[in-house]
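So the structure is just underneath, and the comments pick up after that.
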Amino acid sequence: MGRTRAHGAASGLVWTIGLAALTWGGLGLTGVHGTALSGTERAAVAAAVDTTPPSGLRLEGGPNADGWYAAPAHYRWTAQDPDSGIDWCQGGSVDPVDSAVPLTVFGTCVNGMGLSASYLGFSYRYDGTPPTLDPVATPAVVARHGVVVAVPHATDALSGVARQGCNGGRAPNTRRLGPHTVTCFVRDRAGNLATASVSYLVVDRRLRQS
C-alpha cells in the first residue's frame, strides 16, 4: 500500500513537471537553477511534507521606471523557500526591436518539491534609438556682457524626451570676447542620451553698435 501511494505521488509530480515544461516552452522562457537542497536534505524535507510554494516572487533585471529598455538585457524571477529551497527560476532575454507596443511576459520559481509560486508578469517596451537635437544659440552674435540663450530643440519619435538642457543649466558666458561653444544634451524616457554643441560669438559692445 505504501509503495503504491509513493508511486502515485511520483507519477503526479512527473505529470506536473511535464505540463509545466510544455507551458514554459511555449512562452520561450528558460529555467535558471537556484540553490536546491541535496538529496539527503530533500528526503528529510519530504518526510516533513512541504506543501508550501515559494514566496516573495520578484523580477530582477526589469525595465526602467517608465517601463522601457534601451539595450539588450536579461531578466529572471527570484523567490525564497526556507523549507525545500529554490530548485530553479524562469528567465529570458529582452527582444531588442524598437516598439511602442508593450510586450508582456510571465514567469515563476519552483522549489525543491516541485511546487511553483503564482505566476508574476511584467510589461516592457524597447527603444534603442537615441533622440536627436538641433541646438540654437540666440543671438548668434552678442555684445560683451550681453545675454545668450541656448536651446536644445530635442525630439524623440518613440519613447519621448525625458530631459534636455544646455551648458549644465547655466547661462552661456559672455564676459570674454571671441567665439564660444556650449554643449546641449537630451535623454529620452528609455535612457538613451545624445549631445550636440552650438557656437556663438561675443564682440565688443562698440563694434556691435556700429
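Read the figures in this text as sums done on the coordinates, not as results from a lab. Since the model is a prediction, treat every value here as computed from it, not as a measurement. All Cβ positions, glycine included, derive from the backbone under ideal geometry; neighbour counts span all protein chains shown.
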Can you give me the long-range amide H partners of G128? Hydrogens built in the peptide plane at 1.01 Å from N, cutoff under 5 Å, separation of 5 or more residues or another chain.
D98
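What does the highest-first list of 55-64, 153-162 look like by mean Cβ count within 10 Å?
153-162, 55-64
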Taking neighbour Cβ counts within 10 Å as the exposure measure, how do W77, W88 sort from fewest upward?
W88, W77
In whole Hz, with x marking every Gly and Pro, tabulate ³J(HN,Hα) for region 82-92 from phi via Karplus 6.51 cos²θ - 1.76 cosθ + 1.60, θ = phi - 60°.
x, 8, 9, x, 8, 7, 7, 10, 7, x, x
With equal scatterers on the alpha carbons only and no solvent term, can you work out the Debye log10 of I(q)/I(0) for region 132-209 at 0.12, 0.18, 0.27 1/Å?
-0.37, -0.67, -1.15
Using modelled amide H (1.01 Å from N, peptide plane; none on Pro or chain starts), what sits under 5 Å from the amide H of G85, excluding residues fewer than 5 places away?
G112
